[in-house]
1. Each residue of the stretch 41-54 in turn: what ³J(HN,Hα) in whole Hz from Karplus with 6.51, -1.76, 1.60 and θ = phi - 60°, glycine and Pro shown as x?
2. Just order 16-28, 51-63, 90-102, 35-47 by mean Cβ neighbour count inside 10 Å, highest at the front, would you?
3. May I ask for the Rg/Rh ratio of the stretch 26-83, computed from Cα atoms with Rh as the Kirkwood radius, given to two decimals?
4. Rounded to the nearest 0.05, what FRET efficiency do TYR90 and VAL67 have when you use their Cβ-Cβ distance and R0 = 25 Å?
5. Counting only other residues whose beta carbon sits under 12 Å from that of SER47, what net charge do I get with K and R as +1, D and E as -1?
6. Quick check: residue separation of SER57 and PHE13 times 0.36 nm, minus the Cα distance between them. What number comes out in nm?
Amino acid sequence: MHLCSHNDRFQNFTDGHLLDCVDEEKDLGVQVTADLKPSRECQTAHSKANKILGVISRTFSYKGHDVLLQLYKSLARPNLEYCISARSPYYEKDKQLLERVQHSFTRMIPGMKQLSYEEGKIATHWSMVT
C-alpha cells in the first residue's frame, strides 16, 4: 500500500518476488485505505450496527425500553465503538452516518417514534450514558 500522495508507486520486491499493491487492507478489524480517510471504516461500522438493529427488531416481540436499551448497548453499540480512535470520523458526513444508527434505535423504542431525533436523544440520554 502506498500511503503518500506524492509517492511514485514504486514496485517493491521481497526475496525476488513482486509484492502486490493494494488500495485498502483490513488489519485487526480496521479497514485502512491508501488515502487514510475513515469513510470506508465508518460505512462498515454503520452497516454492521444497522444489521444488528434489524435482527433485534425482527427477533424480539417484547420491546420494552429497558430490554431494547440492554440489547443496543450489548450488541449494536460495540460495533460503533470498536477502534473509534483509529476510525475517528472528522467529516460531517461520517459523523452523521454513525449518528443514524442511534436515530434508528430511538425510533424502535415505543413512544419515541413520533418524537424528533433531538427530543428522543434528550429523553433517552440518561439511560444511554450508563
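Just so you know, all these numbers are worked out from the coordinates, no wet-lab data involved. Just so it is clear, the structure is predicted and the values come from calculations on it, not from any experiment. We place every Cβ from the backbone using ideal geometry, glycine too, and count neighbours over all the protein chains shown.
1. Karplus-based 3J(HN,Hα) across the stretch 41-54 equals 5, 5, 5, 5, 4, 4, 4, 4, 5, 5, 5, 5, 4, x Hz.
2. Details: 16-28: 9.4, 51-63: 12.6, 90-102: 14.7, 35-47: 17.0.
Ranking, from highest mean packing down: 35-47, 90-102, 51-63, 16-28.
3. On the way: Rg = 13.9 Å, Rh = 12.6 Å.
When Rh is taken as the Kirkwood radius, the ratio is 1.10.
4. It comes to 0.10.
5. Residues close to SER47 contribute a combined charge of +3.
6. Extra length from SER57 to PHE13 when fully extended: 10.8 nm.
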